[in-house]
Amino acid sequence: MPEVESHSRSKKFESPAAIFNFSSCDTTYQTITIGSVGINQIELSDVMVYPNPATNSVRIRSINGGKGIAKIYDAAGRLMNEQTLDVNASVDVSAWANGIYTVELLSDNKVSRTRFYKQ
């Protein structure tokens, strides 16, 4: 079996695969190695947005109680709102188009993101 080279620090998953050659009666078994795509672990977001889905306004809350800067981006990446967050804040979204928005909280040298749907 050939040597498997990995450039990822995360775990590799190996799965046997059968390769058939229909021009002869040979069957070859190989191992396929599937590595990660750069996500080493899943972290919970430190920002909470409610209600979700929203119609008129959303409340943004820092779960760890820290202060920071809250930014909201639309699906095209345009900055829709930016404000200082002091544990929680309310944002009027009634005039915004329906769709998915990303909330980004910058606090304590950390960036947390979550999404909400405006209907």
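Readers should treat all values here as calculations from the given coordinates under stated rules, not as data from a laboratory. Remember, it's a predicted structure, so these values are computed and weren't measured experimentally. Cβ coordinates were reconstructed from backbone atoms using ideal geometry, including for glycine residues, and neighbour counts include every protein chain displayed.
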Return the Cα extents of segment 77-119 along principal axes one, two and three, sorted largest first, each rounded to a whole Å. 31, 18, 15
Amide H proximity to M80 below 5 Å, modelled H, separation 5+ or other chain, gives I72, Y73, D74
How high is the relative contact order of segment 47-118, in percent, with contacts defined as C-alpha pairs under 8 Å that are six or more residues apart? 37 percent
Taking the Kirkwood radius as the inverse of the mean 1/r across Cα pairs, report the Rg/Rh of segment 46-93. 0.95
Listing S107, S94, S112, S45 by rising number of other beta-carbon atoms within 10 angstrom, fewest first, gives S94, S45, S107, S112
